[in-house]
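Any read-out appearing in this document is the output of simple, stated calculations on the displayed coordinates, not a laboratory observation. A quick note: this is a predicted structure, and the numbers were derived from the prediction, not measured. FYI the Cβ positions are ideal-geometry reconstructions off the backbone, even for glycines, and counts take in every protein chain you see.
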Amino acid sequence: MKIILIALLLLSIISCSEEAEKQPRKNEITKVSYGHGSVWTGKVYQVEIDSSLNYKLFKIEIGKPNQNYTGKISWQMWDSLNIKFERLGYSKLDTIGCVAVDGPEAGLIVFKNGRSFKGYHCFKNFPEGFNEAIDWLIATQEKVALKETADSLSFEFPIMPFAPAPVLPRNKLK
């Protein structure tokens, strides 16, 4: 009888610990939107991931059709994203911006309960630690089962790098 009670007790402990592992962690962040683009390179890249595990990816490269992708991520990837940005102190992001004369401009928006924390910087010029987290975010496209879609996607961080150049007045020769 004691063996049966011990077995039942162990079985209930094991099942409780397995159930705890299935529960997602309590994350602060509800959405992350990142994008960069450059007239010089002719490339645009945008990725957005939300707490519903939706993944959106948009790419433009001059001479190629626009590429729109959607997919779903795992809870583990969502937790990893949250851990990375929480450790970096995403709420301290600033909007200093830059004049991108030698590279693309980039933007990162992190949402927490409807409130956004934004950072606009020259590409690879984010505060310490953020460049590595952004590289990780960009690399996630290789780990997600993406499906190309003909639907147009909207992003929290819109990038429009291919706006026509301003028309400058010409000097008249006499």
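Here are a few things to note about the model shown:
- Cα shape, the stretch 31-148, gyration tensor, a/c 1.5 rule: oblate
- Among TYR34, TYR45, the order by Cβ neighbours within 10 angstrom, fewest to most, reads TYR45, TYR34.
- Label-point gap, in nm, between ASN66 and LYS147 - each point 7 angstrom along Cα→Cβ: 2.0
- Computed from backbone phi with θ = phi - 60° and the Karplus coefficients 6.51, -1.76 and 1.60, the 3J(HN,Hα) list for the stretch 72-86 is 10, 9, 8, 4, 4, 5, 4, 4, 4, 4, 4, 4, 4, 6, 5 Hz; x is used for glycine and proline.
- Inter-label distance, nm, simple model (7 Å from Cα along the C-beta direction), LYS92/THR41: 2.7
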